[in-house]
Structures are given as C-alpha cells and as structure tokens.
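> What follows is a structure written as structure tokens; I'll ask about it next.
The values are calculated or read from the model by the stated rules, or taken from the named source; none is laboratory data. None of these values were measured; they are calculated from a predicted model. Neighbour counts are summed over all protein chains in view; Cβ atoms, including those assigned to glycine, are modelled from backbone coordinates with ideal geometry.
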Amino acid sequence: MAAPRDGAVVILGSGLIGRSWAMLFASGGLQVKLYDVEPQQVTSALESMRKEMELLEQSGALKGSLGAQEQLSLISGCPDLQTAVEGAMHIQECVPENLELKQKTFALLDGIVDDTVVLSSSTSCLLPSKLFAGLTHVKQCIVAHPVNPPYYVPLVELVPHPETDPATVDRTYALMKKIGQSPVRILKEIDGFALNRLQYAVISEAWRLVDEGAVSPGDVDLVMSDGLGMRYAFMGPLETMHLNADGKVSSLWGSDGAQRSMDVKTAWVHFSILVHGKNPIGNSRTQTQAGRATSPGAERPGVGQNRADHPAWCGAAALSGRGGQHCLERHGRGSAELGA
C-alpha cells in the first residue's frame, strides 16, 4: 500500500465541502492551503473554521491528536493558484457541481502541476472519463467523493479514470485512512457511484410506499431512523444477509402473504424484480434449495404511473437509464441535492 507523500494539501473552493476537507486534513497534521477565486471567501472560511474547531474542542468532538489552535495553524489561505500548488502532494477540488466549470479547473491545473501530485475531485456524480478528458496528467486524476457533512461522515468513494495509475488510487486511499476517513474503491465507472445508487433505491421505494398508500411519510422515516438506519449504521446489507441463519434470508414474502425462506441469490433476484421490475440474471424463475420457485411477476402495478411527479423516483430512473432524461429535465435535480 502506497503511503501519502510529503507536501501540502491544496483545497480549491472554500465552501462547506472545502472547509470540511481542510479541517479533516489539518486533523491529520497536514499543512493545508486554501484557495478560492474570491479571496474574501477564504477569509470568511478561515474564521468559520476557527469558530467551529474551537466549539468542537470544547465539546470533546475535535478530531485528531492536535489541539484546535495547532490544527488551525496548519491551514492558510493562498491568493495565487500557482503559488498554492507548488510543492503540493494532493489537490482536492471543491468547486460547484458543474461539469464545464470543473473541466476548466482541471485544465488549468493540468498546465501548472508536476508529475507527482494527485489531482482529486469532490464530485458526487460526474464521471471521471468526462471530468478529466484530454488531460496530460490523467494518470494522476481521481474522484474522492465525500459524504456531506464530510467531517462527521467518514465514507469517501474513490473513483478512478480508466487511465488512472493504480498508484494514484493507493496513495489517495492511504491519505484518506491517515486522516481518519473510510475510503472505498469503486472498481469501474458507474453512474451515481455506490452511495447514491443505494440512496436512490431506498428513496425510490420510500416514495412508492407512500404513493400507494401503504405507509405514511412519517412512518417511512421512522422505519429508517428507528429500524434499518440503526442496523445499517454498523452492519451493511450483505453482511446482514451473510449472518442470517444457515445462509438463509428469512421473512421474504410472496403475493399470497406466505413467508418463505430462501438463499441469498434467490432473495436478490426477488428483490430486484420488486424494485426494478426485472430479473437481474434474465430469468423469471430461480432455483432454490427446496426446488424451483417462481419469482414475483416482472410487471409491477403502477410502474410508470405518476412516477415522474416524484424527484426521488426520477433520480433512480436516471441512474438506471429508465426515463431519467425526462425526469431530470422536469426537476433539474442531481444526486448532490439529496445530501450526497
């Protein structure tokens, strides 16, 4: 595993995400340079971070082994981009979620950086192949997508460009671990990465339950906050299934209301048909240990009816390719607006 190299971390953009990254890197004892096209924004960001870190220290929630003042001394504003990137070992882009703006930002960086610095984007949904297209230093480029708010949610999705050097991924992974984050490797480009695909699947089904009058909005939220959310806070869905007795997934039910026990693969097929309206392995029937079992019908009542009225459903449709463009044109929403 490659270790982070010596040098400063540069943050481009001093908004909420940029400030959070700056605090995280400083908590790991790293020198941080903060740059913004609006110098006054940097001044405001430094003051905002000072107040927040002092409050965190008072409440015992400050990250890292250094005190608030020591961490603050590691963060400085830099009015000139060329000066900021000199000697940097990692540059974290945090400009607004706009493809053209981000492309211009990386094109500018491409012309002034050396062959060793990692160029990282905080984008929540833009694919690296589009973001880093045509760059000379593309092997040094990667997406490191934090979860909002990054200081309190440790997950970081690492998404490489098809031409990203594996050493770039390893260095970024090691850096995230150094500052206390929980990096995950996305092994290939995929719309929505991992977190937003899972998030939209949950939101889509939440809308469906409410839309069909099965559960009230408040109770759907309660199912998550006092149920699944508490479980998934420390154990993921695959681990949950793995730990079920004898490899079985219990409490799966059919249209007749009868509960059935089935293996994990069969459960996955049934759930995929329920949520996506299709069998993930292209077969409407699945083999179980007890014999052949017919999966629920691929046609779900109400699919395509009034779904475009729900932005969350549209988000899922955009990620799955089913009517997504129409939905996005109607609502103009992206994954970032759902707290990703």
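> Six or more apart or on different chains, Cβ under 8 Å: which pairs go from a residue in the range 149-175 that's assigned by TED's automatic domain parsing to the domain that holds Lys63 and farther than 23 Å from Gly64 by Cβ to one that's among the hydroxyl-bearing types (Ser, Thr, Tyr) and crowded, with 22+ Cβ neighbours inside 10 Å? Could you list them?
Short answer, once both residue conditions are applied: Pro160/Thr168.
> Here's something else I'd like to know. Need the failing condition index for Ser120 against (1) part of a strand (DSSP E or B); (2) in contact with a helix residue (DSSP H, G or I) (Cβ under 6 Å, 6 or more places away or on another chain), just the number.
Among (1) part of a strand (DSSP E or B); (2) in contact with a helix residue (DSSP H, G or I) (Cβ under 6 Å, 6 or more places away or on another chain), Ser120 violates only (2).
> Test Leu126 against the stated conditions and say whether it is in a strand (DSSP E or B) and free of Cβ contacts under 8 Å to residues at least 60 places away in the same chain.
no
> Shifting gears a bit: Only residues that are surrounded by 22 or more Cβ atoms within 10 Å (Cβ to Cβ), not small (Gly, Ala, Ser) and not in a loop (DSSP other than H, G, I, E, B): list them for the range 139-150, please.
So in the range 139-150, the residues surrounded by 22 or more Cβ atoms within 10 Å (Cβ to Cβ) come out as 140-146, 150.
Restricting the remaining residues to those that are not small (Gly, Ala, Ser) gives 140-143, 145-146, 150.
The answer is Gln140, Cys141, Ile142, Val143, His145, Pro146.
> Would you call Ser20 of a type outside the set (A, V, I, L, M) and either in contact with an Asp or Glu (Cβ under 7 Å, 6 or more places away or on another chain) or surrounded by fewer than 22 Cβ atoms within 10 Å (Cβ to Cβ) (or both)?
Criteria not met by Ser20.
> If you go through the range 205-245 one residue at a time, how many are small (Gly, Ala, Ser) and in a loop (DSSP other than H, G, I, E, B)?
Taking the range 205-245 first, the residues small (Gly, Ala, Ser) are 206, 213-214, 216, 218, 225, 227, 229, 233, 236, 245.
Imposing the further condition that a residue be in a loop (DSSP other than H, G, I, E, B) reduces the set to 213-214, 216, 233, 236.
The total comes to 5.
> Of Ile142, Ile179, Ile203, which residue is of a type in the set (A, V, I, L, M, F, W, C) and outside the structural domain of Ala84 (by TED's automatic domain parsing)?
Exactly one residue qualifies, and that residue is Ile203.
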